[in-house]
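The values are calculated or read from the model by the stated rules, or taken from the named source; none is laboratory data. Predicted model, so just to flag it, every value in this text is computed and none were measured. Glycine also receives a Cβ, built like all others from the backbone with ideal geometry; neighbour counts cover every protein chain displayed. These area figures cover heavy atoms from the full protein model, side chains too; ligands, DNA and RNA do not enter into them. Shrake-Rupley method; radii C 1.70, N 1.55, O 1.52, S 1.80 Å.
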Amino acid sequence: MRLAAQAKGGYYPTPDRVVDMIGGLMRQPYGYHQASKASVRALDPCCGPGDALGRLTDLLRQGGTAAVETYGVELHKERAEEAAERLDHVLPADTFQTSIANGAFGLLFLNPPYDWEQDDKKRVEHAFLTHCTRYLVDGGVLVFIVPRQRLTVSARFLSTHYMRVRCWAFPDPEREAFDQVVLIAIRRSDPSPDSATEAQIREWAEGEPETLTHSQYTVFYPPVTAVGDILFTRRTVDPVAAAVEARRSGLWTNPQITDVLWPAKEDRTRPLMPLRRGHMAMLVAAGFLDNLQLEADGRRILVKGRTSKEMELVDETPEKEVFRERLKTTVVALGLDDGEITDIAA
C-alpha cells in the first residue's frame, strides 16, 4: 500500500454516484412488514464516516414498510465519531476484534481496505469477505466492492457461498482510480461448489464486466429479520465508553440505591435506648459529631470528636509485659457563649 493510502488507513469511500446506482438495484421484499416486528438490518464493517451505508439505506427505505437499521464498524476514531451521527449503531473498533451476531443481517455492504495482510501475505479484501459472510442471514444480499483483478482471489469462496452472482464495473470517471467493480450476490443456505459461477467470476476479473448504470433490470431484495437487540459489541473494553454506559444505566441510576445512600431529606431520629460510651465512640470515629452544634439549658456548645490509639499495659510478669491496643475517644466541647473548652475522654 502506498504511504498516502496507509495514512488513510486503506480507506477509499464509495462515490455517491455509484452508491445511488447500487441503490437502484435494491428493493424491500414484497408484502407488508410492520415496522415494529420486522426490519432490514444492514451492516458495513468498514463504514468510514457512514456516508455510503447511510445513503444506500435511505434509498432502500423509499417505497417500503419495513424499518431499516444500520450498523457500522470503523477503526479510525474520528471517522467512527462521524458515523455515529449517521448510522444507528457504530463500533469504533477493528472488525476482527468484535463480537457480532451470525445470520442477523439482510444486507452486507463490504468495501474493504485494498491491501495485503502483513503476516501471511493474504489479501485483506478476501479476509474481510470470508470473515463477514457469517453475519448474513440465508438469502441475505452481499454488496462487494473491490478492484476488478482481486475477484480472482475470492472466486471459489464467492461461488461456493453465494448464488445469483452479478458483477458491474464502476462507470467512468470513478473507475479510473482503482478499476473497481461491484459484485452483488445472495448468500446460499447450503454452501456448495459451483464451477460455472467460479469460472464466470474469474472471467470478470480478467475481462470486461458490464458497466454499472442507473438503468439495470436486475433487482435484489434484502430480507427482513425480527426486530430486537442483537449481539453487536467490541471484544475489548473502552474505558470512556464504559464510563458513559455506567452513567446511562449503571448502579447509580437505580433510584432504590440512590434513595438509600443519598436520601432526599434528613429526618432527625431518636434511638430506642440511651447510647453507651462505645456507641458514642463509634459516632465520633465516624465523624458524625464533628462540628455539631448542640443547645440545652440556654447554653450553646460546638462539638469536635477525635479518636486515637494508645498502648495499655494489661499483664506484667518478671519475664514479659503484655500490652493491648486501645482506642481512646475524646470529645471537645467549645462553649459558644463563654468560650469555655471542655475535654470529655471516653
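On a per residue basis, the chain carries 60 Å² of accessible surface, using protein heavy atoms and a 1.4 Å probe.
The 3J(HN,Hα) values that the Karplus relation (6.51, -1.76, 1.60; θ = phi - 60°) gives for segment 21-26 are, in residue order, 5, 5, x, x, 9, 10 Hz. Gly and Pro appear as x. For the chain, a simple Cβ point-charge model (Lys and Arg +1, Asp and Glu -1, everything else neutral) yields a dipole of about 720 debye relative to the Cα centre.
Taking the C-alpha atoms only, the angle from helix 239-249 to the longest principal axis of the chain is near 70 degrees. For segment 173-248, the list of trypsin sites (Lys or Arg not before Pro) that fall in a loop by DSSP and count at most 14 other C-beta atoms within 10 angstrom reads 235. Electrostatic tally near residue 66: other residues with Cβ closer than 12 Å to its Cβ, Lys and Arg +1, Asp and Glu -1, net +3. For the chain, DSSP calls about 70 percent of its internal beta bridges antiparallel. When GluC sites (Glu not before Pro) are flagged only if DSSP places them in a loop and at most 13 other Cβ atoms lie within 10 Å, the longest unflagged stretch of the chain comes out as 118-265. In the chain, the calculated helix contribution to ellipticity at 222 nm averages -7500 deg cm²/dmol per residue, counting -39,500 (n - 2.57) for every DSSP H run with n ≥ 4.
Computed from the alpha carbon atoms alone, the convex hull of the chain holds 329 Å³ per residue.
For the chain, the tally of Lys pairs with Cα-Cα distances below 28 Å comes to 10, considering only residues 8 or more apart or on different chains. Projecting the Cα positions of 93, 49, 163 onto the charge dipole of the chain (unit charges on Cβ atoms of Lys, Arg, Asp and Glu, taken about the Cα centre) puts 163 furthest along the positive direction.
Taking the accessible area of the chain, probe 1.4 Å, and keeping the other protein chains in place, the carbon and sulfur fraction comes to 52%.
Note on the chain: GNM, Cα springs under 10 Å; of 141, 322, 73, the largest mean-square fluctuation is that of 322.
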